[in-house]
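Values in this text are rule-based calculations from the coordinates and carry no lab data. Because the structure is predicted, anything quoted here is derived from the model rather than measured. We place every Cβ from the backbone using ideal geometry, glycine too, and count neighbours over all the protein chains shown.
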C-alpha cells in the first residue's frame, strides 16, 4: 500500500491499528472508538466467521474462501449481538446519497465502516494488473472538503487519503461477485458487553456444523475436496493468462496479503480457540487450537504453491501437484472440526437470541 503525504487529521478517538482481516479489522476500529475492546480474533470467531467455500461464477475468477457468513442473519449482526452491540447495514443506488450520508456522519464525529471494491483504491498496487474485489471493508476517519479527499483506514497502521471520486467508484462498483452497493453500517454500543461462554460455544458449534454438514458440496470440508478436483479443470475454460490470474487469486484468498490473517483464516481461528477456552473453561479447545495452527501452516504451503505456479508458463501441466496437499488439508480439517463438534455438542441445546 502506498500513500501520498497530505495534512489531513483523523477524528478524535482514532487509534492506529495493524489488522488481519478487512471486516474484523474495521469492526475493531469501530469497537475501540466506542471503548469496547474485543480482539479481532474473537470478533471473527464469535461471529461464526470461519468456514470454506469453492465457488465458480460465470465471468468471475474462482473463489476459494475461508470465510463463513450466516445466510440468514449475516456476519456483522451475529458478531454484534454476541458482544452487546446493535448494527444496521444501509445500501443505496445513489452515489450522491452515499457521499452525503458519509460526510454527515463524519461531521458528527463518527467514523464510518464502508464496503468497497479494493481495485479502485489508489493506495493498492496490483502490479499493473486489473484486480477487483468488492467485498473489501474499510473505515472512513475524516475528510477534507477543499481537496475532495477522505481519510481511510485499511489493514495497515497508516491512514490513506483517497480522492472522493475514487472512493465513489470503489463504493459503487458493479464488479462480481461482491458488488458493494454503497454499503455502510451504523452502530449502537449502549448495551456493549463481552460474549458469554455459551455464545462462544454456540459460535464454534455453528462453524463446525457447517464445515462437516454443508448444504451443498461446494462448502465446508467437502468444498476443500471439491476445490482439489476443480483446479484440474481450470485450463478447459481459461487461456494461459486467465489461468495464471486464477492461480494468483487463489494465493490471495489464502495468504495474509489477501486479508485472511494467513492460512485462510486458520491462524486467526486458532487464536480465537485459545481465547475462547478462557471464556468457556474448556481446556480441550487448546489442543484443537494447536491442530488449527498446523492446518494453517499447510494452507500457507499451498498458498506458496499457487503463487509460484502463477508465475510459470507451463502452469497447466503442474496443476495435479496441488491435489494431494488439498486433500490432506481436508482430512486434517475433517478431524479437527469433528473434535470441535463433539466438544460443543451441548451448544445445540442452548437457546440463543443472537
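Observations on the model:
- Per-selection metrics, region 123-177 (Cα): Rg and Dmax in Å: 11.9, 35
- Fewest-first sequence of 12, 346 by Cβ atoms within 10 Å of each Cβ: 12, 346
- Among 90, 36, 20, residue whose mean-square fluctuation peaks in a GNM of the chain (springs only between Cα atoms under 10 Å): 90
- More than 14 angstrom apart: percent of Cα pairs within region 53-119: 75 percent
- Residue-span extension gain [residue 37 to residue 327] - 0.36 nm each, minus C-alpha spacing: 100.6 nm
- If you run the Gaussian network model on the chain, springs between alpha carbon atoms under 10 Å, then out of 25, 134, 282 the most flexible one is 282.
- For region 212-285 and region 100-140, distance of Cα centres in Å: 24 Å
- Percent of C-alpha pairs per 10 Å bin, region 160-241, short to long: 13, 18, 26, 32, 10, 1
- Taking 254, 69, 53 and counting other C-beta atoms within 10 Å, the order from fewest to most: 69, 53, 254
- Semi-axes of the equivalent ellipsoid of region 47-172 are 25, 21, 14 Å, computed as sqrt(5λ) over the eigenvalues of the C-alpha gyration tensor in descending order.
- Across region 56-93, the residues whose backbone nitrogen lies under 16 Å from the label position 7 Å along the beta-carbon direction of residue 230 are 56-69.
- For region 197-348, the relative contact order works out to 36 percent when only alpha carbon pairs closer than 8 Å and six or more residues apart are counted.
- Highest-fluctuation residue, 62, 177, 16 considered, GNM on the chain with Cα pairs under 10 Å: 16
- Sequence-separation-based contact order of region 7-123, relative, with Cα cut under 8 Å and 6+ spacing, percent: 20 percent
- Our estimate of slack between residue 158 and residue 196, defined as 0.36 nm per intervening residue step minus the Cα-Cα distance, is 10.3 nm.
- Sequence-separation-based contact order of the chain, relative, with Cα cut under 8 Å and 6+ spacing, percent: 21 percent
- Legend: ranking of residues 286, 307 from fewest to most surrounding C-beta atoms inside 10 Å; resulting order 286, 307.
- Here, P(r) means the percent of Cα pairs in each 5 Å bin from 0 to the largest distance; for region 197-348 it is 2, 10, 17, 20, 18, 13, 9, 6, 4, 2, 0.
- Residue-averaged [θ]222 nm for the chain, counting only DSSP H segments that reach four residues, each worth -39500 (n - 2.57): -14000 deg cm²/dmol
- What the Cα atoms of region 89-145 give is an Rg and a Dmax of 13.0, 38 Å.
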